[in-house]
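Report on the following structure.
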Amino acid sequence: MTVPHQSKSPDEKPPENHSHMVRRRWLTAIVIVLLIGVPAGYLMVSAGQSRRSGLDKELESSATGLTDDVPSRMKQRVFEVPIPARATNVRYYETSNWKSSRLYVQFNVTSGRLDTFLTELGTHRSALKEGHVSIAPRDSRTVGWNFVPTRVWSGTTHKQKDPRPTQDITVDLSDPAMPRVYVVSTTTP
């Protein structure tokens, strides 16, 4: 008696030849590298950036006086001190304690940009009182500002409702074409 020949089931695969096996192994290796290597590389780059950022913040917080740089956009927004475009000799310093945070800023600016700066703060040039230094002696000592009487000073205090900051603004108008602006912006938590 003869047994009929059985056909292969659809689930059975033909034996794998050598070149197909090599391609499959290479493809598996590439997938593993992509699934593990790419995220690992990303984590290393991210850790490096985070470390550099931490070091930058550490250097900034260890500063003991004015830093020759423009404060970050975030600081400018928090303390509401928009540094005018093309301001020169920009310097700043930030202090913080449990009672208040202060941003000390100084810069030189043209007369027209001074008006723009004051408008952006929410005040105007007519609010400046001639001969008045609005920055407290304690604040000026903190950063080494010396408001000598031989200069032409004008100042104002721009008070706002909490939690918005209060800005003490003093301007040296000895050179009316290029005034030097001093600002102490104070926020309370």
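The values are calculated or read from the model by the stated rules, or taken from the named source; none is laboratory data. In this text, all values refer to a predicted model and were calculated from it rather than measured experimentally. Neighbour counts run over all protein chains shown; Cβ positions are idealised from the backbone, glycine included. We work out accessible area using only protein heavy atoms, side chains counted, and drop any ligands, DNA or RNA first. Shrake-Rupley method; radii C 1.70, N 1.55, O 1.52, S 1.80 Å.
Express the Stokes-Einstein translational diffusion coefficient of the chain in µm² s⁻¹, to the nearest whole number, given a Kirkwood radius over alpha-carbon pairs, 10 °C and a viscosity of 1.306 mPa s.
75 µm²/s
Please compute the length gained on full extension between E120 and L43, using 0.36 nm multiplied by the number of residues separating them and subtracting their Cα-Cα distance.
The E120-L43 span can extend by a further 23.6 nm.
Over the chain, what is the relative contact order in percent, taking alpha-carbon pairs closer than 8 angstrom and at least six residues apart?
18 percent
Let me check I've understood the local charge: for S174, count other residues with C-beta under 13 angstrom from its C-beta, Lys and Arg +1, Asp and Glu -1. What total comes out?
Once positives and negatives cancel, what remains is -1.
Any chance you could give the angle, 0 to 90 degrees and rounded to 10, that helix 111-121 forms with the longest Cα principal axis of the chain?
70 degrees
Identify, among L128, I36, S174, the residue whose Cα sits farthest towards the positive end of the charge dipole of the chain, taking +1 on the Cβ of Lys and Arg and -1 on the Cβ of Asp and Glu, with the dipole about the Cα centre.
Going by the charge dipole, the pick is I36.
Can you give me the angle between helix 18-61 and the longest principal axis of the chain, using Cα atoms only, in degrees from 0 to 90, rounded to the nearest 10?
10 degrees
To the nearest 20 debye, what charge dipole does the chain have about its Cα centre, counting +1 at the Cβ of each Lys and Arg and -1 at the Cβ of each Asp and Glu?
Computed charge dipole of the chain: roughly 220 debye.
In square angstrom, what is the accessible area per residue of the chain with a 1.4 angstrom probe?
Accessible area per residue, the chain: 70 Å².
For the chain, what % of the accessible area comes from carbon and sulfur atoms, probe 1.4 Å?
Carbon and sulfur: 57 percent of the exposed surface of the chain.
Between D69 and E16, what is the label-point separation in nm under the 7 Å Cα-to-beta-carbon projection?
5.5 nm
Considering only the other residues whose Cβ falls under 15 Å of the Cβ of R138, what net charge follows from Lys and Arg at +1 and Asp and Glu at -1?
+1
Work out, step by step, the length gained on full extension between R23 and R77: first 0.36 nm times the residue separation, then minus their alpha carbon distance; give nm to one decimal.
Answer, rounded to one decimal: 13.7 nm.
Let me know the number of lysine pairs in the chain closer than 21 Å at the Cα, not counting same-chain pairs under 8 apart.
7
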